[in-house]
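Step one of this worksheet: look at the structure below.
The numbers here are math on the coordinates, done by the rules we state, and not lab data. Fair warning: this is a prediction, and the values are worked out from it, not measured in the lab. Ideal geometry is used to build each Cβ from the backbone, glycine not excepted, and the neighbour counts take in all protein chains shown.
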Amino acid sequence: MARNRSLANRHLPVNLYCRDGYYAWRDPRTGTEYGLGRDKREAISQAIEANSHVAQPSARLIDRLSGKHNQTFGAWLERYDAILINRGLRPNSLSSVKSYLALAKVTWASRQIAEISTMEVADLLQTWVDKDQKRMAQHVRSRLVDCFREAMAAGWITQNPADITKVYGVKTKRSRLSLEQFQAIYAWSISPECRWTWLPRLLMLAILSGQRREDLSKLSLSDVKDGKLWVKQSKTGSPVALSLKLSLDDFPGFTLGRVIDESRKLYDTTSLIHHESNVGNAPSGSKINLRTLSLAFTYAREAAGIIDENPPTLHEIRSLSGRLYEKQYGKDFAQALWGHKTAHTSAMYLDARGSEWVVVEPI
């Protein structure tokens, strides 16, 4: 039988205590006390709320009958692993995801996933913030957002507790796109899940040409002649002539010419990247606008499991292309690809209008 409460505490809600004007609530399950300050009204309000929470049964009968009492965070992580594998994540990437979620798994493994609150997610992230590991906290947050988002899609929860959390003090910088990430995005683009049949060609055209999104969008078949793709770069005005033989060792069997040929045989169109069916007011064969290109890439990136606070954009394929060509042919080759003229650049071609074209030929 519980002992009688002291006179000072008798008028307070159960588990709430006042000592020298300071209020504290004691968790009856663990005996742990939580300070609530000196505001009596606020302390009583929070104590009533806490008592209501701990008084809830561990699993309601309806949840036991429907199987929802087995929907723990640990059980969801098993499902989430399978989702990531289906996205085409490689073993190294999968290991990284598990490392980001390791503390969450230890902390919440037996908890019903629907009971995990935003405050609990924020407290978990604070673990790294307190250690001045804000970048790590940001990575963990991004992964938790995706993890809970998939749980929402599967019907396990109705809201994402990580979505509105913040990690302050991290300098915003767009992430670079790695070769492994690009390969994962491309793998998804050729899967049945991808509804943009033109997306694989966009990705390969971007990686093999190293050109900006704006320039990729406006390329047409009339720009292909004499065994080269002639590009007048929109940002700088630099003219580059890219050999159709351009290829990268990391993508065996692909050449710039082969990707362009894929565009030739699908539809009677002038644009290299075009709609292959009627989409809204855009007829098949018409050029795809910049916003649609970026949206498709973003969707594919997330579907491939690349979730970050500042994820790489479509533009980052240009940077990756340059790094791969630099590794294969040297820095000057990559500079020429981007239209940068150097003392050691490849041959120059003077066209009929007096423009100097940087000719980029594989060595």
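At a threshold of 8 angstrom on Cα-Cα distance, excluding pairs fewer than six apart, so keeping six or more, what relative contact order does the chain reach in percent?
Relative CO of the chain lands at 14 percent.
Whole-Hz Karplus values for the range 243-257 come out as 4, 5, 8, 4, 7, 10, 4, 6, 10, x, x, 9, 10, 4, x Hz, taken residue by residue from phi with 6.51 cos²θ - 1.76 cosθ + 1.60 and θ = phi - 60°; glycine and proline positions read x. Checking the a/c ratio against 1.5 first, then a/b against b/c, what shape does the Cα gyration tensor give for the range 179-360? Note, shape of the range 179-360 comes out oblate. Compute the angle between helix 290-303 and the longest alpha-carbon principal axis of the chain, please, reported from 0 to 90 degrees and rounded to the nearest 10. Helix 290-303 and the main axis of the chain meet at about 50 degrees. Calculated mean residue ellipticity, 222 nm, the chain: -13500 deg cm²/dmol, from DSSP H runs (n ≥ 4) at -39500 (n - 2.57) each, averaged per residue and rounded to 500.
Gain on full extension, evaluated as 0.36 nm per residue between K225 and S52 minus their Cα-Cα distance, stands at 54.7 nm. Taking label points 7 Å from Cα along the Cα-to-Cβ direction, S110 and I85 give a separation of 2.7 nm. Applying 1/(1 + (r/R0)^6) with R0 = 41 Å to the Cβ-Cβ distance of K327 and D27 gives a FRET efficiency near 0.10.
Helix 40-54 and the long axis of the chain differ in direction by around 80°, with both axes built from C-alpha atoms. If you sort the three axes of the alpha carbon gyration tensor as a ≥ b ≥ c, you get a/c of 1.5 or more for the range 66-186 and a/b no higher than b/c, which makes it oblate. Close amide H pairs (under 5 Å, H built 1.01 Å from N) link L101 with no residue at least 5 positions away or on another chain. Taking amide H as placed 1.01 Å from N in the peptide plane, the amide H of A282 sits under 5 Å from none that are at least 5 places away or on another chain.
Each of (i) 0.99; (ii) 1.20; (iii) 1.39 is a candidate for Cα Rg over 2.2 N^0.38 Å; the one calculated from this structure is (iii). Measuring between their Cα centroids, the range 283-307 and the range 135-150 lie 23 Å from each other.
Taking amide hydrogens as placed 1.01 Å from N in the peptide plane, the amide H of T72 sits under 5 Å from those of I113, each at least 5 positions away in sequence or on another chain.
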